């Protein structure tokens, strides 16, 4: 390390570490009066904003600043007057926000961690917090681990944050109350935050960037929106639009997700500005976003910072972003930068040939009131005062025209892929403990580990692959397993698994390169420039670059069961790491089956899993068994979570068959199935990022129509039942055949109408921008059409219930209900249903069944049922088309010979068996090409019945798209 003298204003000289850390100085007088530093003003002064709206949670709970202050005071009273170390295992929500503010207001130091055991337990062990807020099965719990405090923290200490991702390191950044307040004020000034602003908090609370959004907006009396979901989720944008959000904040990966969700085409008139931090965006993307903002009327801020600076150090003025897309900008108000160039003899710095280091780039050093107090590695460090005056960022930079700073490389041993700041030395120590000495570098936002197989230990014969968190993780085995390529592949796989499991990096962001020998200097130390060159060459050539889990199409490594099931269920020969369920054409037909596979692999079902990449799901599956997600997501032993619409559809087809065989008379199942069909059409057919809606709808119609037409033609040929109008699926209008097949006719005709509607580009754009308004507009038109339908009831078959223009509104009601993601929208949909259902059937029971099913879908998304019951419900739901088509023939033959209950089980069994045979035929390549419209297609949409069930059931994407559960 080379020390370079820097002017420190009124303070003493400052020692600056080049390339490996922060500049450290013990300056006289840095510890201010304790009373002045206790508490953070913006948290103490919430009441000054009065009745202004402060926060809106995902469940619609809204608090004014007065109400928020009351909640903060309540928690503050529970914490008590004596200073205590408060640890918050944060996930997005109102409770951690209130506890955070209560601690800041009362002068209690806050230690933030992620919500999972892997993040929480090491910090609890090292720092022994006095109070711990954590979410468990009953909900949030504020646990007092002792009456008072075991610590004597420095009076200035306000916040403790991790800076090295999730490597398990207990090293924390100590931030002062003054620094937290100062950074909030600087950011609020730069972004011109106003009391009228509405800021969605889309980043984790325990991430300094996420906290900076919270702090700066509360400082100015703005409103925080807590959507609790990803930016690709419809609920996020529903809250965004309903509350007129004025800002959007993200790391580089956020903008990848936004591009997938069609952000560039969104109409967001309330949006004032967008910020980006947490790693460098490619200049091309910066320019694109800046220009998009200019066209759309919002400002794009590129921001630069580190946890050691309480979040932000620099910003790029929006008007300069398009012309300077590679710059980080200027220091925030109150801060300053200096370029510190090394002495020519400084190790680790390469000077271009013929160049003078005095004229070249140097390490970027930052000063400001937001610079950290220092690091903490033990509980005793909490009592330390300010030991850092200037922050050596570890980044190499140069100052360009107009005072704009630009980063040209990293001089430190940190990388920042995926918004996580990863300590490369810490990763190397971890791998060494696992028996894999390695040299780690960063290449193009990817962590690359270069391993020498000669120095790596071999696991014992028969040993399981390394579980980085398990007991075997630290064992050293000496008996070799295989040689050559097989051993090399095993090392790659296990090292990548260890890195991903411990750092939290997603698949694709950690790469392993196996070399004959690690490059070393004459003194025996690793030659990191040479290692970086090896990593860069391997990345370009895609040689020996393996991530876990791997893509089965690009490697000989056997894919995981989870990836195999994605391919089987979605009929995809290739399942890339970055693909999601939605990307792969997943729909209601395949949702539940894969949800069961994911729950089986992870031990829990992540919320929003359809938009989580397959590689990330596999990474989660190899994490420690104790890290099994939010407690509320775990089903008790013997039970399994199942989507309520799966249960409803299974129950509905049972009602339909029971009515037809005379077991009992409870009508309404078929119209409830139409509601469920509309729900799943909106959920999967109109998912963000999906293209070719009309084409996929036509395929869905074919998948319903072809099996139905073949069966009906066969019935006419063998029994004489029906007519050609049934085969053509138009008998609900012509009335020349058997009326019982009306549901398939209505369903096919509905899908064709929607295919025609969404063939209009303006309609597609309108739906993307105003999803709920679009659904309600179509619902209004459908209601008018239904009122115009013929109310004739001749023959006991009321016309308006079974013609498409009379029944279409049930389908659209489900569509609108799925788009009702806020309390206001839900109330509107319920009001429409309450106004239309009573008297519509002239049967109160029937109307109640449809209405109750609608409410269940809206308010009971999942049910916990015995595993066997879930498998049965899934099988019945999946086979609904075949149960419907075959049950007429079954009961006509069986009823004279058996009781109705026995006949019911016979009808269900024959339908399920027919479905399974059809699945098997499709896997064998039948039907032939001429009938391929009815075969599974990976891009098909989605108004399909959910496919799920026991392990023995295999997916077929050809069984009837929506719910072919019919009845009168």
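Checking region 243-255 against the condition returns a match, with at least one residue being surrounded by 20 or more Cβ atoms within 10 Å (Cβ to Cβ), modelled with pLDDT of 90 or more and over 28 Å from residue 763 (Cα atoms).
I'd like to check something: does region 325-332 contain any residue that is at pLDDT below 95, in contact with a strand residue (DSSP E or B) (Cβ under 7 Å, 6 or more places away or on another chain) and assigned to a loop (DSSP other than H, G, I, E, B)? Scanning region 325-332, I find at least one residue that is at pLDDT below 95, in contact with a strand residue (DSSP E or B) (Cβ under 7 Å, 6 or more places away or on another chain) and assigned to a loop (DSSP other than H, G, I, E, B), so the answer is yes.
The residues in region 258-272 that are surrounded by fewer than 19 Cβ atoms within 10 Å (Cβ to Cβ) and in contact with a strand residue (DSSP E or B) (Cβ under 9 Å, 6 or more places away or on another chain) can be counted, and the count is 1.
Of all residues in region 310-320, those being at pLDDT 95 or above and not in a strand (DSSP E or B) number 5.
Per-residue answers, yes or no, for (1) modelled with pLDDT under 85; (2) part of a strand (DSSP E or B); (3) in contact with a helix residue (DSSP H, G or I) (Cβ under 8 Å, 6 or more places away or on another chain); (4) on the phi > 0 side of the Ramachandran plot:
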{"site": "408", "(1), (2), (3), (4)": "yes, yes, no, no"}
{"site": "412", "(1), (2), (3), (4)": "yes, no, no, no"}
{"site": "430", "(1), (2), (3), (4)": "yes, no, yes, no"}
{"site": "436", "(1), (2), (3), (4)": "yes, no, yes, no"}
{"site": "440", "(1), (2), (3), (4)": "no, yes, yes, no"}
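In region 133-163, the residue that is modelled with the lowest pLDDT out of those that are in a strand (DSSP E or B) and surrounded by fewer than 15 Cβ atoms within 10 Å (Cβ to Cβ) is 136.
When you go through 117, 130 one by one, which is the residue that is surrounded by fewer than 22 Cβ atoms within 10 Å (Cβ to Cβ) and in contact (Cβ under 8 Å) with a residue 24 or more places away in the chain? Answer to the check: 117.
So is residue 326 within 27 Å of residue 111 (Cβ to Cβ), more than 26 Å from the chain's Cα centre (by Cα), surrounded by fewer than 20 Cβ atoms within 10 Å (Cβ to Cβ) and in contact (Cβ under 8 Å) with a residue 60 or more places away in the chain or not? So residue 326 fails the test. All of (1) out of contact with any helix residue (DSSP H, G or I) (no Cβ under 7 Å at 6 or more places or on another chain); (2) at pLDDT 85 or above hold for residue 633 with one exception: (2). Within region 74-84, identify whether any single residue is closer than 22 Å to residue 173 by Cα and either touching a residue at least 60 places away in the same chain (Cβ under 8 Å) or touching a strand residue (DSSP E or B) at 6+ places or on another chain (Cβ under 8 Å) (or both), and answer yes or no. The answer is yes, given that some residue of region 74-84 is closer than 22 Å to residue 173 by Cα and either touching a residue at least 60 places away in the same chain (Cβ under 8 Å) or touching a strand residue (DSSP E or B) at 6+ places or on another chain (Cβ under 8 Å) (or both). All of (1) modelled with pLDDT under 95; (2) surrounded by fewer than 19 Cβ atoms within 10 Å (Cβ to Cβ); (3) part of a loop (DSSP other than H, G, I, E, B) hold for residue 288 with one exception: (3).
State which residue is farthest from residue 394 (Cα to Cα) when the search covers only region 253-283 and only residues that are touching a helix residue (DSSP H, G or I) at 6+ places or on another chain (Cβ under 7 Å) and assigned to a helix (DSSP H, G or I). Looking at the filtered set, the residue picked out is 265. Among the residues of region 212-235, some residue qualifies, meaning at least one is within 29 Å of residue 763 (Cβ to Cβ), touching a helix residue (DSSP H, G or I) at 6+ places or on another chain (Cβ under 9 Å) and assigned to a helix (DSSP H, G or I). When 895, 801, 855, 863 are checked against the criterion of being under 27 Å from the mean Cα position of the chain (by Cα) and at pLDDT below 90, a single residue qualifies: 863. Scanning region 179-201 for residues that are assigned to a loop (DSSP other than H, G, I, E, B), out of contact with any strand residue (DSSP E or B) (no Cβ under 6 Å at 6 or more places or on another chain) and at negative phi yields 193, 194, 195, 196, 197. Screening the candidates 747, 710, 672 for the property of being free of Cβ contacts under 8 Å to residues at least 60 places away in the same chain and closer than 20 Å to residue 885 by Cβ yields one hit, 710.
The condition of being under 30 Å from the mean Cα position of the chain (by Cα) and over 26 Å from residue 696 (Cα atoms) holds for only one of 820, 869, 762, that being 869.
In region 689-698, the condition of being in contact with a helix residue (DSSP H, G or I) (Cβ under 7 Å, 6 or more places away or on another chain), over 25 Å from residue 889 (Cα atoms) and not in a helix (DSSP H, G or I) is met by at least one residue.
The values are calculated or read from the model by the stated rules, or taken from the named source; none is laboratory data. Predicted model only: the values in this text are computed from it and were never measured. Reconstructed Cβ throughout: ideal geometry from the backbone, glycine too, with neighbour counts over all protein chains shown.
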